[in-house]
Structures are given as C-alpha cells and as structure tokens.
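Asks: Shown below is the structure under consideration.
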Amino acid sequence: MGVFILGIESSCDDTSAAVIHDGVLLSNVIASQKVHENYGGVVPELASRAHQENIVPVVSEALKEAGVKKEQLSAIAFTRGPGLLGSLLVGTSFAKGMAIGLGIPLIDVNHLHAHVLSHFIKNSQDSEIPSFPFLCLLVSGGNSQIVLAKGYNDMEILGKTIDDAAGEAFDKCAKLIGLPYPGGPHIDRLAREGDPDKFKFHKPHIGGLDYSFSGLKTSFLYTLRDRLKEDPQFIEKNMADLAASLQKTIIDILIDKLKEAYKSYPVKEIAIGGGVSANSGMRAAIEEFCRKRNIKAWIPERKFTTDNAAMVATAGYFKFLQGDFCGLSEPPYSRVKI
C-alpha cells in the first residue's frame, strides 16, 4: 500500500492540507483568509477563528482529491512552529485528535524546515530534486535566513535577520505608499514598470552573514517625508520608480550576503524558498547568480512559495522514514530555529 502522509499547515493565515503517497503529491488544498486585507496585516485572533472554520473542510477536500480514505493514512504531519500561536494551536489540536482517532503516528514539522524542503515536492517518482549539500536563501514575511542544507533533517543556519525580515520590509514600505496588504505582490507588479536606479535607500553594513532591514525601512520613510514636503504628489508621480528602487535594494541586500556565504560554502546548487521567492526580481537574481557560477538554481513553483501543506507533508514523509515521531503532549511554539 505504501506510505500515505497527511500534512496540515496552519502557522499564519492559510489553512492547508495535503496528501502524499511514497513522496509523491496527490493533493494540496489551501483556504486563504481575505479578512486581513481590511486591517493591513494579519490579525492573530481572526486568523485562529478562521482556521477553526476551515480546517475540517480543507482536510476533507484534500483526502477527497487524493482519492485516499483516512483509514489508509500512515501518519499525520503538522506544522508545530514557528508561527502565530493561536493559529498553530488549531492545526496542532486537530492533528493530535485525528491521530488518536486513527491510531497512527504524529509528526511535528518545523515550518522553516518545510520551506527548504519545498524543492522535494514531487509530482511523480521521476521528479528532479536537489542534491545535498546546497544553500537555501529562505525569505518570507517573518524570516530571512541563509541555510546550509546537509540532509533532509540536517540543516544549519549560516545567517539570519537581526531585526525585520525581507517580506516585512516589502509589506511595510508598500503600506507607506498606499498599497494594500499584502504589499509584496503589488511592489513586484509596479517594479516592472519603474526605474530601479531612480532612488537610493540605505543598505546596512553588519558583519557576518546576518541581515538587517530596519534601516532600509527608515530610509524609505525619510525619503518619502522629505520629498513630500517638496511635492505633495510625489508618491503618485513616482510610484513605479519607488517600487522598483525598493525591490532592487532588498534584493541587493539578500544577494550580497548570499555571495559571502557561497565563498565559504562553494556548493554546486542553490535554492530559494519562502513567500518572497515568488518575487520576479528575486527569482531572476538567483538565476543570474547561479548562471554566472555555473551552478544549479532551484526555484520553487509559485504555488509552493507561500504557506502550504505539501511542503509539510513532504518534510513529514522524510521524518516518517526515520521513525522520528512526535508525542501527543508536545505543544506548538511561536519562535524557533531550524
């Protein structure tokens, strides 16, 4: 019969469930929450309530699309953290209850670990996957990290943000120029029409491979403040150029540190993951980075860049093969390293 894994993801505002069979994806269902657009960001209490409404129909639909009965499941993998604690509690509680009812093992998955392993989501047994070791630039709304992936469950953080994440910088700067939440996709769209060299914003100078984006946000804010004094219509007249210049600055910061990491760890393959990996400029920059060095670039399908249960089920599958299970008493966590 093989190994069937049900994956459950509820770390933020997307409720997702997926089923894989011997490592091959059979279904991946996602229920997004539009209510947060009205508030300019995710409201934790509203997110957890929506998860409670969505999780049963989402899991049911994932099993239906996969053509799998719940009695066929070998184990249930769930996102244990990091994320919003209220949201995680919904997924964790549901996974525990279902595992108890079916008498099958429970597998806890690190959300960031799963993003790295999104490149191992397979549509068939012949799907191409990365070879270890490889570097992964993990960039999202809550995290920015350079990860050295040595194995499915052996990863080392080489560098991380010391304050804000790249995705947060995109969203908060987008809000300053009047774009709706989430701002990243809107910046991406506008940047295609703008001049990336029109405006210069602050790039932090910190040692090692760590990132910082708080100074960039302040620089962006002060630029708007000073230019608006000269011309109240400054933002409207320069929207595309502001977006393009912001995007270029963020990508430059990310790539500069990746260059340093590659010097110390000259791997043959480099990947990106997380929500910001959907950005067209970011994807092009990674492709160019790898082309110049004649190494393999791994860029996920856009549907696997955002939070999804396919990557959770995939990460859970590898832990299942190692017999790495989770006790029913283990609580979710909001913050953690890989």
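Asks: As I understand it, the value is the acute angle between the Cα axis of helix 85-102 and the longest principal axis of the Cα atoms of the chain; what does it come to in degrees, rounded to 10?
Replies: Helix 85-102 sits roughly 20 degrees off the main axis of the chain.
Asks: Just check region 188-244 against the gyration tensor rule for me: Cα atoms, a ≥ b ≥ c as the square roots of the eigenvalues, rounded for a/c under 1.5, and otherwise prolate or oblate depending on whether a/b exceeds b/c.
Replies: Details: a/c = 3.12, a/b = 1.56, b/c = 2.00.
The shape class here is oblate.
Asks: With every protein chain present, what is the per residue accessible area of region 277-338 (1.4 Å probe, Å²)?
Replies: Each residue of region 277-338 exposes 50 Å² on average to a 1.4 Å probe.
Asks: Quick one: what Rg and Dmax do you get for the chain from the alpha carbons, in Å?
Replies: Rg and Dmax of the chain, Cα atoms, are 20.4, 70 Å.
Asks: Accessible area of region 187-251 with a 1.4 Å probe: how many percent of it is carbon plus sulfur?
Replies: C and S fraction of accessible area: 49 percent.
Asks: For S334 and K229, FRET efficiency with R0 = 51 Å and r from the beta-carbon atoms, rounded to 0.05?
Replies: Computed FRET efficiency for K229 and S334: 0.80.
Asks: Now for a different question. Give me the percent of DSSP beta bridges within the chain that run antiparallel, rounded to the nearest 5. Don't jump to the answer; show the numbers that get you there.
Replies: Details: 26 of 44 bridges.
Roughly 60 percent of the DSSP beta bridges within the chain come out antiparallel.
Asks: Here's a follow-up. Given the peptides 250-263, 79-92, 309-322, 217-230, arrange them by the average over their residues of other C-beta atoms within 10 Å, most packed first.
Replies: Ranking the peptides 250-263, 79-92, 309-322, 217-230 by packing returns 309-322, 79-92, 250-263, 217-230.
Asks: Grab the DSSP H runs of the chain that are 4 residues or longer, score each as -39,500 (n - 2.57), total them, divide by all residues and round the 222 nm result to the nearest 500 deg cm²/dmol. Kindly include the intermediate steps, with their values, before the conclusion.
Replies: Working: 9 runs with 141 residues, N = 338.
Calculated from helices alone, the mean residue ellipticity at 222 nm is -14000 deg cm²/dmol.
Asks: On to the next question. Report the gain in length on full extension from Q52 to K64: 0.36 nm times residue separation, minus Cα-Cα distance, nm rounded to one decimal.
Replies: 2.4 nm is the gain from fully extending Q52 to K64.
Asks: Now, a different point. So what is the orientation-averaged projected area of region 134-283, using the convex hull of its C-alpha atoms, in nm²?
Replies: The directionally averaged projection comes out at 8.8 nm².
The values are calculated or read from the model by the stated rules, or taken from the named source; none is laboratory data. If you're wondering where the values come from, they're calculated on a predicted model, not measured in any experiment. Neighbour counts are summed over all protein chains in view; Cβ atoms, including those assigned to glycine, are modelled from backbone coordinates with ideal geometry. Surface accessibility is based on the protein's heavy atoms, side chains included, excluding ligands, DNA and RNA. Shrake-Rupley method; radii C 1.70, N 1.55, O 1.52, S 1.80 Å.
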